[in-house]
1. Filter region 321-340 down to the residues that are within 24 Å of D102 (Cβ to Cβ) and either in contact with a strand residue (DSSP E or B) (Cβ under 6 Å, 6 or more places away or on another chain) or among the hydrophobic types (A, V, I, L, M, F, W, C) (or both), then identify the one that is surrounded by the fewest Cβ atoms within 10 Å (Cβ to Cβ).
2. Return the residues of region 25-82 that are polar (S, T, N, Q) and touching a Pro at 6+ places or on another chain (Cβ under 8 Å); say none if nothing qualifies.
3. Looking at (1) at pLDDT 95 or above; (2) outside any helix (DSSP H, G or I), which is the only condition T240 fails?
4. Only residues that are modelled with pLDDT of 95 or more and among the polar types (S, T, N, Q): list them for region 243-266, please.
5. Count, please, the residues in region 316-354 that happen to be farther than 17 Å from I180 by Cβ and among the aromatic types (F, W, Y).
6. When you go through (1) more than 23 Å from the chain's Cα centre (by Cα); (2) touching a residue at least 60 places away in the same chain (Cβ under 8 Å); (3) over 18 Å from L98 (Cα atoms) one by one for A364, which number turns out not to apply?
7. Name every residue in region 338-361 that is assigned to a helix (DSSP H, G or I) and touching a residue at least 60 places away in the same chain (Cβ under 8 Å), in order of residue number.
8. So, in region 194-212, exactly how many residues are touching a residue at least 60 places away in the same chain (Cβ under 8 Å) and more than 21 Å from the chain's Cα centre (by Cα)?
Amino acid sequence: MRIGVLTSSRADYGIYLPLLKLLHADNRFQVEIIAFGMHLFDKYGKSLNEILKDNLGKIHVIEGMPTSDRKKDIALGYGNLVKNFAHFFYENHYNIVLALGDRFEMSAAVQAGIPFEIKFAHLFGGETTLGATDEIYRHQITLASKLHFVATNIFAKRVANIINSTDNIFVVGALSLDNIPRLKPWPEVCKLYNIPNRPFILITVHPETVQAENNIKYADQLFEALLDLSTEDHLLITGTNADVNSTVYEKRFEELKKLRSNNVTIVKNLGRENYFAAMKNSLLLLGNTSSGIIEAASFGKYVVNLGNRQHGRPQNENIINVPFEKDAIKEAVKMGKRKGAFTGKNIYHKPNSAKLVVNALYNARL
């Protein structure tokens, strides 16, 4: 069975990884990785190098991602990706093509495959993120797909409502939490990325793409909060996604680094395992990333969740929701630090997630 795997960012590749390892080791499958989007850019950590190093299947590279974060350029980039994927799907044929998540570039790849009647398998549809246009792209991918792998029963019901059917919907939990390897000792990760080995807050922030003009004031408020927080704790900041107004945050983070050079570290791309190591060893997570909602509870961490980007996703009890306001952010961080370790359950965890996907792929009747 020939399987194509669409991956456009360090985030989705890290989620795929447990599944890719199983598929690659299973002689029933011929795996081909189709890399595009943020993977190809130095500014996002050139994560294509990780894919090449892992060597988990034949690798195709598709160009076309916009280099600017303006709305017009993202729309034009979407069109370029559709065009380039049209050529690719004309030349390459698969039994099933995996598409994960909800980003605009993933949607573009899937839209190009519709006329070719590509059999897409969508991982993690049915979710809700009201502070991002990802909401639209996610549902587009769901409608174009024949197989659906979702994290919870709630999401299964939403997918069923979208496709008007309960067929070929599988509840598999959060794939990113499946078979987490033994993580590197934190001092080794610190040495690798030149991170001071002392207490730190892990910060992962992406733009809100609904009412995107608000990101300017959001970035200002976050900057002021981080300026104060950096006097007490080290701040480890990871790279933003390629969304509208992402440079607004990047510039403020760089400014913060100049003002607090000894107390701020910026790493564009930690990769899945090192990011998990950072999460495990942090004081808490601050940001608006899905990793805070889905994964942090499994590492015993409280999360200060900013704004509306993740609004609509079911939350574990480790989440502290705050607006992009300086004082609210600072107070929430203090609260999270006082709470210490989170000891509750993670509603997104399900054992053997990757095996559930592999079995469904092999037995699929499409």
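1. For region 321-340, the residue satisfying everything is N321.
2. Within region 25-82, the first condition is being polar (S, T, N, Q), and the residues that meet it are 27, 30, 47, 49, 55, 67-68, 80.
Correct list: N80 only.
3. (1)
4. Matches in region 243-266: S261, N262, N263, T265.
5. Number satisfying all stated conditions: 1.
6. Single failed check for A364: (3).
7. S353, A354, K355, L356, V357, V358, A360, L361
8. Summing the residues that are touching a residue at least 60 places away in the same chain (Cβ under 8 Å) and more than 21 Å from the chain's Cα centre (by Cα) in region 194-212 gives 5.
The values are calculated or read from the model by the stated rules, or taken from the named source; none is laboratory data. These figures come from a predicted structure and were not determined experimentally. Quick reminder, even Gly has a Cβ in these numbers, built from the backbone with ideal geometry, and neighbours come from all protein chains shown.
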